[in-house]
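J.: One structure follows; several queries about it will come next.
Read-outs: derived from the displayed coordinates by stated rules, not from any lab. What you see is a predicted model, and the numbers here were worked out from it, not measured in a lab. Here the Cβ positions follow ideal geometry from the backbone for every residue, glycine too, while neighbour counts run over all protein chains shown.
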Amino acid sequence: MPLVAIQGEIGAFSHEAATRLVAEATVVPCALSADVFAALAEGRVDAAVVPIENSLAGSVIEHFDLLLRHDLVILAESLLRIRHNLIALPGVQLADVRTVHSHPVALAQCRRFFAAHTTLRASAFYDTAGSVKHLVETNNRSAAAIASRHAAREYGAEILAADIEDNPENYTRFFLLRRRADAQPVADPNKLSLAFSVENRPGSLVAALQKIAEQGTNLTKIESRPVHGSPWEYIFYVDCQLSHPDAADQVRSALHPHCAMVRELGRYREAPQS
């Protein structure tokens, strides 16, 4: 079975995304995102699944930097509906709970729940599933965690309140990554991810984006990141919907005269929202 690295503990949302993207995956939890990318780049795992963007919280900036640092390629994406649940030890009632642990983003996405339950104190933890694991390991009956149903099942905990997130339109987009040398081309890709840098002169970014548009592609995302060691210089990350199979090569060719660097991050099938 393929080894797939994720950031976080077993039962995390990344774990759920990994099982969707890789059949019969054996998930390898890592403490840090940098550990995930290093494990894949060094061949200790076969693939990695990482979140790249949340529909409410925005981009996972660190993962853009790590993508460029390693010779990896995006082979697929998945959209996962994020459902937050209040989870506690078996037999614990809501009235028993004083502290709620979870990842800071999860806590922030449940503000209305905390506003309606003023006796609960939010406490930041490194991971959603990790907060459930810690709860069970310490047998803390005055605390709860916010995490997925998967995490509750994994650690033998119980859901006190389901779907407590403020906004139901809460999705996270995940990438499936493999080493570029090992990756097989995706059949009929309709999406392209690129990174490029432009010359520091007036109109250079506009010219590059115009060339993308001229190929009949639809730009669905653009993100800028500073170039480390070169103040006020930036790398731009873009996602494009491809209008036809040859569009990816045409976009790359059109960008080269206007860019100091162009790097393809992956061609893959766009994920349906479910």
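J.: For the stretch 1-138, how big is the tail of P(r) above 23 Å, as a whole percent of Cα pairs? Numbers along the way, then the final one.
T.: Working: 3665 of 9453 pairs.
Across the stretch 1-138, Cα pairs with separations above 23 Å total 39 percent.
J.: Also, I was wondering about something else. Are there GluC sites (Glu not before Pro) in the stretch 24-65 that DSSP puts in a loop and that have at most 14 other Cβ atoms within 10 Å, and which ones? List each step's numbers first, then the result.
T.: Values: sites: 24, 42, 53, 62; in loops: 24, 42.
Here the sparse-neighbourhood loop sites are 24, 42.
J.: Calculate one ³J(HN,Hα) per residue across the stretch 104-119 by plugging θ = phi - 60° into the Karplus curve 6.51 cos²θ - 1.76 cosθ + 1.60, and present them in order as whole Hz with x for glycine and proline.
T.: So the J values, rounded to whole Hz, are x, 5, 4, 4, 5, 8, 10, 4, 5, 5, 5, 5, 7, 10, 6, 7.
J.: Moving to a separate point now. When N counts the residues of the stretch 85-147, how does its alpha-carbon radius of gyration compare numerically with 2.2 N^0.38 Å, as a ratio? Don't skip to the answer; put the middle values down first.
T.: Values: Rg = 10.4 Å, N = 63, 2.2 N^0.38 = 10.6 Å.
The reported ratio for this selection is 0.98.
J.: So what is the relative contact order for the stretch 191-268, in percent, with contacts set as C-alpha pairs under 8 Å and at least six apart?
T.: Details: 138 pairs, mean separation 38.5, N = 78.
Relative contact order for the stretch 191-268 comes out at 49 percent.
J.: If you don't mind, another one. Can you quote the Å³ per residue value for the convex hull of the Cα atoms in the chain, rounded to an integer?
T.: Numbers: hull volume 39.1 nm³, N = 274.
Each residue corresponds to 143 Å³ of Cα convex hull volume.
J.: ³J(HN,Hα) across the stretch 4-10 via Karplus (A = 6.51, B = -1.76, C = 1.60, θ = phi - 60°), whole Hz, x for Gly/Pro?
T.: 10, 7, 9, 8, x, 8, 4
J.: Sequence-distant or interchain residues sharing an amide H contact under 5 Å with residue 180, placed H: which?
T.: Distant-sequence amide H within range of residue 180: 72, 73.
J.: Over the chain, calculate the relative contact order: mean separation of alpha carbon pairs under 8 Å at least 6 apart, over the residue count, as a percent. The partial results should precede the final answer.
T.: Numbers: 618 pairs, mean separation 61.8, N = 274.
Relative CO of the chain lands at 23 percent.
J.: Cα atoms only, the stretch 48-127: Rg and Dmax in Å?
T.: Expressed in Å, the Cα Rg and Dmax of the stretch 48-127 come to 16.6, 51.
J.: So if I place +1 on the C-beta of Lys and Arg and -1 on the C-beta of Asp and Glu, and nothing else carries charge, what would the dipole magnitude of the stretch 85-147 be about its Cα centre? I want it in debye, nearest 20. If you can, show how the numbers build up before the last one.
T.: Numbers: 6 positive and 3 negative charges, 38 e Å.
My answer is approximately 180 debye.
J.: Also, I was wondering about something else. For the stretch 191-268, state the semi-axes of the equivalent ellipsoid (square roots of 5 times the eigenvalues of the alpha-carbon gyration tensor), sorted largest first and rounded to whole angstrom. Display every interim value, and only then the final one.
T.: Details: eigenvalues 89, 34, 20 Å².
Those come to 21, 13, 10 Å.
J.: Something else now. Give the distance, in whole Å, between the Cα centre of the stretch 187-250 and the Cα centre of the stretch 31-53.
T.: 24 Å
J.: OK, next. Could you work out the longest stretch of the chain that avoids the chymotrypsin sites (Phe, Trp or Tyr not before Pro) located in DSSP loops with at most 16 other Cβ atoms within 10 Å?
T.: Working: sites that count: 126, 232.
Looking at the chain, 1-125 is the longest stretch - no exposed chymotrypsin sites (Phe, Trp or Tyr not before Pro) with at most 16 other Cβ atoms within 10 Å.
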